[in-house]
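So the structure is just underneath, and the comments pick up after that.
The values are calculated or read from the model by the stated rules, or taken from the named source; none is laboratory data. Not measured: the values here are computed from a predicted model. Please note: Cβ atoms are built from the backbone with ideal geometry, for glycine as well, and neighbour counts cover all protein chains shown.
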């Protein structure tokens, strides 16, 4: 089947995740070969995902991990006291 | 994959048998995931930090109820989501938020922005700070139902199945929301991506 751009856009997310079936994948790839618009959309969307997965984009606050484990240690201590009281 | 789960199952059993300290080790790989999940819901650093602490404590207290029918990471994400939603309700009044989100789910034009003079983006362009900042802002501005799916899938890299379980929605809805989120972000970020490419106006033009 010959796909138009709109069809390709509808499946772009699944195409990136590699969850389209083999036939559709082939049709999309054939379309991408000659359509620079869709290739650019695919490229730019992929770039956004690469950037999203990069740890430097969404950073944890300074000291987050330390505070988390301190708080957890305190909780463990308290639960110990509770259990020895019983 | 399998070995992570086996390792975790071993840790969980030992924590429950009294080696409590090992719980620190158990959650360490998921600290980032817990924080980002909270942040994707409450959108506030301090609230997300407090919520993450509460999530971990809650997981510790209820560890015995973890059955292993879901992955530990999914179970933890579910607790984080509930904690985030609780905080959001407290902060805003739930009615307003859920109305807004329902409206958002039926509206909108989910077609990507066509790029007419796109050149393959050089990797170093992705290193630019403004681009990261623009992405953070764009993600924060996504409607909540899309932001949460996007955070779990593309930021924390949970599978479709795990994301569906954690959010209590079906896998089909995960896929639709993820698709829309990605397209909305693409649309928002195109101006930033484009300026990184040399202007080649008129080089290529085709109506979609």
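Annotations
- The one condition from (1) surrounded by fewer than 17 Cβ atoms within 10 Å (Cβ to Cβ); (2) touching a residue at least 24 places away in the same chain (Cβ under 8 Å); (3) at the interface with chain B (Cβ under 7 Å from one of its Cβ atoms) that residue A:46 does not meet is (3).
- Yes/no for residue A:81 being more than 7 Å from every other protein chain (Cβ to nearest Cβ) and touching a residue at least 24 places away in the same chain (Cβ under 8 Å): no
- Among residues that are facing chain B (nearest Cβ under 10 Å) and more than 30 Å from residue B:21 (Cα to Cα), residue A:39 is included.
- Residue check: residue B:101 meets all listed conditions (1) at pLDDT 80 or above; (2) touching a helix residue (DSSP H, G or I) at 6+ places or on another chain (Cβ under 6 Å); (3) part of a helix (DSSP H, G or I) but one, namely (1).
- Test: residue in the stretch B:42-58 that is over 18 Å from the mean Cα position of the chain (by Cα) and farther than 17 Å from residue A:65 by Cβ: yes
- Search result, residues across the stretch A:49-72 that are in a helix (DSSP H, G or I) and facing chain B (nearest Cβ under 8 Å): A:49, A:50, A:51, A:52, A:53, A:64, A:65, A:67, A:68, A:69, A:71, A:72
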